[in-house]
Structure formats: C-alpha cells, structure tokens
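Scroll down for the structure; my scribbles are underneath it.
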Amino acid sequence: MADRVTVIGWDGSPLTSAARSALRAATLVAGAAHHLALPDVPPGAERVRLGSLDLAARRIAGHRGTAVVLADGDPGFFGVVRTLRAPEHGLEVEVVPAVSSVAAAFARAGMPWDDAKVVVAHQRTLRRAVNVCRAHPKVAVLTSPGAGPAELALLLDGVHRTFVVCEELGTAREQVSVLTSDKAADHNWRDPNVVLVIGGVAGGTPGAAGAPWLLGEDPAARTVRGWGLPAEEYGPGGAPRTRAGEDPALRAAQLARLGPRPGDLVWDIGCAGGAFSVEAARFGAAVIAVDLDPDACARTTAAARRHGVPLQTVHGRAPHVLESLPEPDVVRVGAGGVPVVTACTDRRPERIVAHASTRDEAESVGTALTAGGYTVESLLLQTVGLDPDDWSERERSVVFLLSGRRVDPPAHRAGQPHP
C-alpha cells in the first residue's frame, strides 16, 4: 500500500533533475491529459486521469508501488496538496513546486501581484468569486469549466473591468488576451485559464505609490480607522443627514448585524450620502447602492472615491429596480418601507436590516420580515450628542432598528442548497 506520494508542479519549463528522477521511478502517475503525455512519464506506469481528487487519492493510497501526481504550477497553492494531505488518505506528501499559474499570469501582464486577491471559481463558488471582483481592483481568478471568463463577464454585467485572460499557460498553445469585461462573453476560451480582473477604484488605487506589506491588502486604502464614522468623513463639510436613520450609531448597529465580508454582495437601498455603502465596502464586500435621487447616487460615488473603495450605484425606484440586480447576501433597507422589505425577503438574503421612525411603522416592517421567513430582532436606539465643554445636548436621534435573519429549512442547515 502506498503511504507516500510525490507531487510535481509543472509550469511548461523542463522538469528539475529531482522531479525527473521521481517521475521515472513511478509505478503510478496521476495528472491531466497533458501531464500524462510528458515524455518523462514511464511507459509501463499505471496512469490515472485526474477528475475527482478524492477518488484519485484513494486509488493512490491503495496502490502497491511508487506514486507521483503531476499538477500545473505550484500544487500547494489552491492545488492538489490539500486533498492529498487529508487524514483519511493517510498519505505522506513530498512536493516539488513550480511557478504558480497566478504568478505566471501576472508576469505575462508585467504587473506586481502582492496586492492582488486570488479566488477559485467553479460553479458552486462563481457568484462569490464575482463579488470579490466587484469589490477589489486587482483579482486573479483560477477558473474551471462552466466558471470561466465568459461566465465572469456575464455576472459582472454593468461593472466595467479589464480582463487579462491567460489560456494554457506554459504550453505551446499559450495565449494572453487583454479586453474589456463586456467583450469577454463573446469568446470561446480554452481551459485551463487564469483571468486577471483589473480596475474598479475611481481615481486610481489608493496608496499605489507605497510598498505594500500585507499580501492581498493595501493598508493605505484604509486611512480612517473604525466604522460608524461621523458625517465629516464623507466629504467637505460632511455628508448631510438628508433622511431619518442616517445617524452613525444606527449605521454601526446595522453593520454589526449584517456582518458584510469578502465574497458577499450587499444591497444598500436608499443609499442617501453613501456612508453605509462605503463602510460595507471597507469590510471587503461588494456593494450595490440604490437610490431614486440621482444626487444621492452622485454623493455615494464621490464618497466611494474619497475612501478608495469600488462600488456600483444604481439609479431607480425600489422595489422595481431590484428585479434586475444580482442576488444579495445581506441587505440594508434605508428607504421604501414594507414594499421594499417584502421584495427583499423574496430574494432570500441571509440577513436584512431596516429602520423606522414610529412604532406603527416598526411593527409593519417586523411583520413583513416574519412573513418572509425571517426571525426578527427589534430595538429602540436613542443617541444623544453632548457638548464636551458644558455637557449640553447638541443633537438627539431616536429610531427603531429591525433586523431579520433568514430561517432555513433543516435540509439547508445541514449543508444542502437552498431552493
């Protein structure tokens, strides 16, 4: 029984002497079709075409002999090493890495990538990968059949990005194409490919001139600490509170209950000055900000530019404009009342928050959330701003906060897809 497997990364360049020695001694070789066609694969070795990695790992574990797995790039970077090291297979893994396909793709583009996000897209994670592309200005997408450049482009409808599509890196058929995202759906792309998705911060990437110190992050883009920020952080003279419910303390409570995170899509309906939209985007989530007022959309765009975060604004009347938007993970309803809340519950986001100025309105919103299949928390929030010199009252805000968490059927809680 095999208890050890050598995993060899291949990036199109000649194999190292150590890799060739391990491969020539193998009695079982697993890999993709182009790996199994390499001249160094022993003609008498058993060949396993990689499909299901778990099935291949079990076959390797049961093999009497010396096993080698061939993989593209660095097999420890979103590769086969994680599966092979699973305890149930009992395999000891030795890795001979090569240049990862992500590093090779950025090299072909002549770009640094220490400030890039890297995501894996397959049919189950495609939507979340697209949300990362919405939320960040530089993303490398490791694609799969059915979740490639065309599918990325279709789900990014309405969001402008530049695609660098790298097909069959390291092979004689390698091709690198640069095009706008709206054109990518018109092509047939060869697998495997890596897509670099570039753009999205108006006015350029904040801190681009500085040297990053944390992979995938640009610390200079977070120049302001905290959240639930005061109005003056959103533009010269501050973002005026044009609507009830724009108090920073309420915004902080809403963010705490929604918990936006990378891979999420946030709807901010009734975005007003854009404060909530910007702060949700600063958590790494993708944001679509909706408002009937074109000036509110303009203020939100300006606030996003000021804070260096990408987001999309949609001008239109809710709930009708929501019908064409992609599926949300969490929703803030800042305007529109019960009809908008009901429309949102129909789309089944994980969490929804709304606010109300009166008890009657709060009861109506809570009833709508409950009827839509959500458990409801109701709070009365009161904040009083005080002058630190004489402790006199400067301003007061009293508002009801309604937050709903989706109630899933038992099958969904057990890990099954939600209908």
Just checking, which of Val41, Val118 is open to solvent by 30 Å² or more (accessible area, probe 1.4 Å), touching a strand residue (DSSP E or B) at 6+ places or on another chain (Cβ under 7 Å) and either outside any helix (DSSP H, G or I) or among the aromatic types (Phe, Trp, Tyr) (or both)? Val118
Test each condition in (1) surrounded by 19 or more Cβ atoms within 10 Å (Cβ to Cβ); (2) over 11 Å from Val7 (Cβ atoms) for Val95 and report the one that comes out false. (2)
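Looking at Arg299, Arg332, Arg282, which is the one that is modelled with pLDDT of 95 or more and not aliphatic (A, V, I, L, M)? Break it down into steps so the answer makes sense when it comes.
Details: Arg299 fails: modelled with pLDDT of 95 or more; Arg282 fails: modelled with pLDDT of 95 or more.
Criteria check complete, one pass: Arg332.
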Checked the stretch 71-115 for anything closer than 19 Å to Ala56 by Cα, of a type in the set (Val, Ile, Thr) and in a loop (DSSP other than H, G, I, E, B); matches are Val80
Residues in the stretch 361-397 that are exposed (fewer than 11 other Cβ atoms within 10 Å of the Cβ) and not in a strand (DSSP E or B): how many? 6
Which one is farthest from Leu265 (Cα to Cα), of the residues in the stretch 310-330 that are in a helix (DSSP H, G or I) and open to solvent by less than 40 Å² (accessible area, probe 1.4 Å)? Val321
Scan of the stretch 271-291 for residues that are buried (at least 24 other Cβ atoms within 10 Å of the Cβ), outside any strand (DSSP E or B) and touching a residue at least 60 places away in the same chain (Cβ under 8 Å), ordered by number: Cys271, Ala272, Ala281, Ala285
Flag for Ala30 being modelled with pLDDT of 90 or more and either in a strand (DSSP E or B) or out of contact with any Ser or Thr (no Cβ under 6 Å at 6 or more places or on another chain) (or both): yes
I'd like to verify a number: residues in the stretch 298-336 that are within 22 Å of Leu155 (Cβ to Cβ) and among the hydrophobic types (A, V, I, L, M, F, W, C), how many? 10
In this structure, is Gln123 surrounded by fewer than 17 Cβ atoms within 10 Å (Cβ to Cβ), touching a Gly at 6+ places or on another chain (Cβ under 7 Å) and farther than 30 Å from His315 by Cβ? yes
Any idea which of (1) small (Gly, Ala, Ser); (2) touching a residue at least 40 places away in the same chain (Cβ under 8 Å); (3) open to solvent by 60 Å² or more (accessible area, probe 1.4 Å) is the one Gly73 doesn't satisfy? (3)
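The values are calculated or read from the model by the stated rules, or taken from the named source; none is laboratory data. Source: prediction; values computed, not measured. Reconstructed Cβ throughout: ideal geometry from the backbone, glycine too, with neighbour counts over all protein chains shown. When the accessible area is computed, the model is the full protein with side chains, heavy atoms only, and any ligands, DNA or RNA have been set aside. Shrake-Rupley method; radii C 1.70, N 1.55, O 1.52, S 1.80 Å.
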